[in-house]
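The values are calculated or read from the model by the stated rules, or taken from the named source; none is laboratory data. Keep in mind that this is a model prediction, so the values were computed, not measured. So basically every Cβ, Gly included, is an ideal-geometry build from the backbone, and we count neighbours across all protein chains shown. Only protein heavy atoms, including side chains, enter the accessible area calculation; ligands, DNA and RNA are left aside. Shrake-Rupley method; radii C 1.70, N 1.55, O 1.52, S 1.80 Å.
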Amino acid sequence: MGNCHTVGPNEALVVSGGCCGSDQKTYVVGGWAWAWWLISDIQRITLEIMTLQPKCEDVETAEGVAITVTGVAQVKVMTENELLGYACEQFLGKSVMEIKSVILQTLEGHLRAILGTLTVEQIYQDRDKFATLVREVAAPDVGRMGIEILSFTIKDVYDKVEYLSSLGKTQTAAVQRDADIGVAEAERDAGIREAECKKEMMDVKFVADTKMADSKRELEMQKASFNQEVNTKKAEAQLAYELQAAKEQQKIRLEEIEIEVVQRKKQITIEEKEINRTEKELIATVRRPAEAEAYKMQQLAEGQKIKKVLTAQAEAEKIRCIGEAEASSIEAVGKAEAEKMRMKAEAYQQYGEAAKTALVLEALPKIAGKVAAPLSKTNEIVILSGEGSRVTGEVNRLLAELPVSVNALTGVDLTKIPLLQKMTNPQAQTAI
């Protein structure tokens, strides 16, 4: 994995190393670059303008006059890949102060060398030409370091022996002489020259202001363009990062799904084995005992069935034997009773009416005892009647109903017995 690094237009990004062990360097100005963790090396170098103030003190000119010269130089690192590579080789990893120090020493060395070839007058009177010469001589050397000299100007020139002051006096004297000769011309042309100078001054100022405005506008447009490009690159880098992150997340999710599938397959295998184990356990703990219990119940039921059949057969045999015994007993009793009745009938026929009457008389006390049994617990019987003859009538009625009851119980008609006829006949009792 890696990170996305971005730089603005005032910096250069140097990416060293790659995923395959390559030593190739990549230079990015105002953009972004991808760097691998622990493999790529990320460094930055400034592209901003650096201001230098070279100074050469007591340098002898071609005429041996020692002078001191100070200047102002504007330099920057060039952005072409090859020249940027030179600058990175020389200054990568160094601070801005260290870079300035190296360039400053180079400019000061060339400045000293050129001062030794010119006279004081050439240096003093034509500073622009002197500055251009210094820039042209120093440009190849600093260019090999990837540095471009944007501008170089002479700030001040002075000496300690008043040589320049003497030149000034000579010039002043010449000017004074010319002034004395042409006072009239000077005064005449003063107004015209002043106007022309003012006009030139205004033209120069206008041109300078125009150039400054154009430069400022160009700078603002370039900044806007750079900012737009930087923002575009940042957006592209962010989208690329999010896309890569989404792809990595998708890969991770696919791996998780594969892991879940494998786990599910293992779980299904375990569940199948658990089902088989449970099925065998149920067969061993439920089905086999149930089959044994069913077989036991079947055998018990079969035994109970056989037992009940045998018991029913024995009971039937018992009932049959008892029935046969009872039938034989009843038959014997019936025969005995029949024989008894037959013998009684024969005896009754032999004895005649007297025997029947004797039997009835023998039975009457028993009948009376049974009838009177409920009355044995009665202390007294009170018969309520308004008339004295009413009691006699009730007694006679009871006696009259007695033969009917005896006939119903024994089948003997007492009304046919002469003795009882007299007892039950109310007219006979009255006659008596």
Response to the item:
Taking 154-162, 211-219 and ranking on average Cβ neighbours within 10 Å, highest first, one gets 154-162, 211-219
Discussion item. Just want the answer: with Cβ charges of +1 for Lys and Arg and -1 for Asp and Glu, which residue in A73, I99, A131 is farthest toward the dipole's positive end in segment 49-161?
Written reply: I99
Worksheet entry | 1.4 Å probe accessible area per residue over segment 86-169, in Å² | 56
Worksheet item: Sorted by average packing, counted as other Cβ atoms within 10 angstrom per residue and highest first, what order do 199-207, 55-63 take?
Response: 55-63, 199-207
Response to the item:
Between Q74 and S215, the two model label points (7 Å from Cα along the beta-carbon direction) sit apart by a distance in nm of 0.5
Worksheet item: At a 1.4 Å probe, what is the % contribution of carbon and sulfur to the accessible area of segment 49-161?
Response: 48
Worksheet item: Of all the accessible heavy-atom surface of segment 207-265, with the other protein chains kept in place and a 1.4 Å probe, what percent is carbon and sulfur?
Response: 56
Discussion item. Take M201 and A290, extend 7 Å from each Cα along the Cα→Cβ direction, and tell me the distance between the two endpoints in nm.
Written reply: 12.4
Worksheet entry | Distance in nm between pseudo-label sites at E236 and V333 (7 Å out along the Cβ direction from Cα) | 13.4
Discussion item. Per residue of segment 307-316, what does 6.51 cos²θ - 1.76 cosθ + 1.60 with θ = phi - 60° give for ³J(HN,Hα)? Whole Hz please, x for Gly and Pro, Karplus curve as stated.
Written reply: 4, 5, 4, 5, 5, 5, 5, 5, 5, 5
Discussion item. Solvent-accessible area of V333, probe 1.4 Å, all protein chains present, reported in Å² to the nearest ten, please.
Written reply: 80
Worksheet item: In whole angstrom, how far apart do the alpha carbon centroids of segment 41-90 and segment 269-300 sit?
Response: 100
Worksheet item: Amide H of V65: which non-local residues (sequence gap of 5 or more, or other chain) have their own amide H closer than 5 Å, using H built in the peptide plane?
Response: none
